[in-house]
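Structure first, commentary second.
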Ligand code: SAH
């Protein structure tokens, strides 16, 4: 299974920037071993004008079968021989999509601390998949990719070139070209549409496949003319529970293996804290303010939403008044680092019973978030695109509905006080917005009103008479609805 991603560059924008965007160095060939084979990333060409990254997935069909059976539940096994002799090793398929999302996970999310402006901008892109199983043929391939801004060439591959009379196979050679898409968009299209075209029936679907589809389809799947077909096919792949568990484990393992990426995240986080910590240890003050507000609210079971690398979770666990602490983040890598920080694997049973880390996106309602006393969103909202904020608002205040919610976010007015911060810049490359005190208050008041919470504002850090504090915190409290109902 093979896929190449190429771009062109010029003097101002060298094509080799692709290496930064993919978080994989063009001079290195890298190998990631997965439980169903080996994924290789290398660059057949890399100079200022042209750069091509290749992802080659070497499938071990025996391992694939063994894995699939090991812990398998449900799902009749294929005919014995077909398990070993099939197209999986050669054709692009859902396994390639899984590898793509694991090996290029930051790129898929559009994250690039080294070249944020390049990650956010459309690139000239050419993507080639020499053997793509396409149920529905070249015509369907076009119907899927063209509405997304790709110019598509899909040539049927002959069953056997020596016997043209046998006709075409169900494979096409796919070439996609566009100048209108970002790399993250391109990767998310492939992540969803490769398995849709493959339409293999080996899998079983569970509810979080739906989440994955929605996440990867954000911004392009709603309104796609083939939305129904895409959704139906994507979800009717019968992902076995085993396969799914495997995929998750794979992501964590790959993240661990790819230390360069972890380091990069570490550095990014350090940069953020550094910029903030020079005048005053702001991250520490923030955690103190959060702990104080949680105590004041009498919260014992606490959710840390967007927990990142787990510093707050660690702090809360030191305090016996917090009987249960759950950290949630969308980033598997952040969770991996958090779990190492907390030494989850070496924790005693009683301590371990108090803490939970799980992956989830705050842009979707999630029943696992229900039943807690309080939720903390520390420096998280500014990481969401503004149009996604109402979704988070609903998931937290409308659906999870803890009695107390703490939200902290930078006060952009204070930015003029950071010596190291160039004028007009946000504090961190991944901040999608930073608000004035007025903007934050307006948002918080509207949210409170809409969902039945009172809101108070607490400054965190030195409260500058002119520009206010560096961090602003909103403390939301929900009245006791039962009491209210009785009183009424
Ligand atoms: N709360 C931590 C980390 C803040 S950085 C602290 O105060 O230091 C923001 C975190 O939010 C990152 O770890 C990022 O992965 C996470 N995040 C961003 N968007 C998210 C989403 N939609 N769902 C869950 N987590 C998200």
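If neighbour count is taken as other Cβ atoms inside 10 Å, put 109, 450 in order from fewest to most. Display every interim value, and only then the final one.
Working: 109 18, 450 13.
Starting with the residue having the fewest Cβ neighbours, the order is 450, 109.
Order by neighbour count: 284, 320, 328, fewest other Cβ atoms within 10 Å first, most last. Could the numbers behind the result be given before it?
Numbers: 284 13, 320 8, 328 23.
Going from least to most buried by this count: 320, 284, 328.
State the extension gain, in nm to one decimal, for the chain segment bounded by residue 457 and residue 48, taking 0.36 nm per residue of separation less the distance between their alpha-carbons. Please list the in-between numbers first.
Working: separation 409, 0.36 × 409 = 147.24 nm, distance 5.06 nm.
Roughly 142.2 nm would be gained on extension.
Taking 35 Å as R0, compute the FRET efficiency from the Cβ-Cβ separation of residue 8 and residue 142 and round it to 0.05.
Values: r = 24 Å, r/R0 = 0.67.
The formula returns an efficiency of 0.90 here.
Taking 7 Å along the Cα-to-C-beta vector as the label spot, tell me the residue 25-residue 135 distance in nanometres, rounded to one decimal.
About 4.3 nm, to one decimal.
Fully extended, how many nm does the chain gain between residue 33 and residue 343 (0.36 nm per residue separation, minus their Cα-Cα distance)?
On the way: separation 310, 0.36 × 310 = 111.60 nm, distance 2.47 nm.
Working it through step by step, the gained length comes to 109.1 nm.
Stick to Cα atoms and the Kirkwood definition of Rh, then tell me Rg/Rh for the stretch 271-415. Write down the numbers at each step before the final one.
Details: Rg = 14.8 Å, Rh = 15.6 Å.
Using only Cα positions, Rg/Rh for the stretch 271-415 is 0.95.
Determine, from the Cβ-Cβ distance of residue 180 and residue 464 and an R0 of 41 Å, the FRET efficiency 1/(1 + (r/R0)^6), rounded to the nearest 0.05. Walk me through the numbers on the way to the answer.
On the way: r = 44 Å, r/R0 = 1.06.
Efficiency, from the Cβ-Cβ distance: 0.40.
Once you have the Cα-Cα distance between residue 385 and residue 121, take 0.36 nm times their residue separation minus that, and quote the gain in nm to one decimal. Mind dumping the intermediate values first?
Values: separation 264, 0.36 × 264 = 95.04 nm, distance 1.53 nm.
Answer, rounded to one decimal: 93.5 nm.
In nm, to one decimal, how far is the residue 317 label point from the residue 358 one, both placed 7 Å along Cα→Cβ?
It is 1.8 nm.
Quick note: the coordinates plus some simple rules give every number you see, no bench work behind them. Fair warning: this is a prediction, and the values are worked out from it, not measured in the lab. FYI the Cβ positions are ideal-geometry reconstructions off the backbone, even for glycines, and counts take in every protein chain you see.
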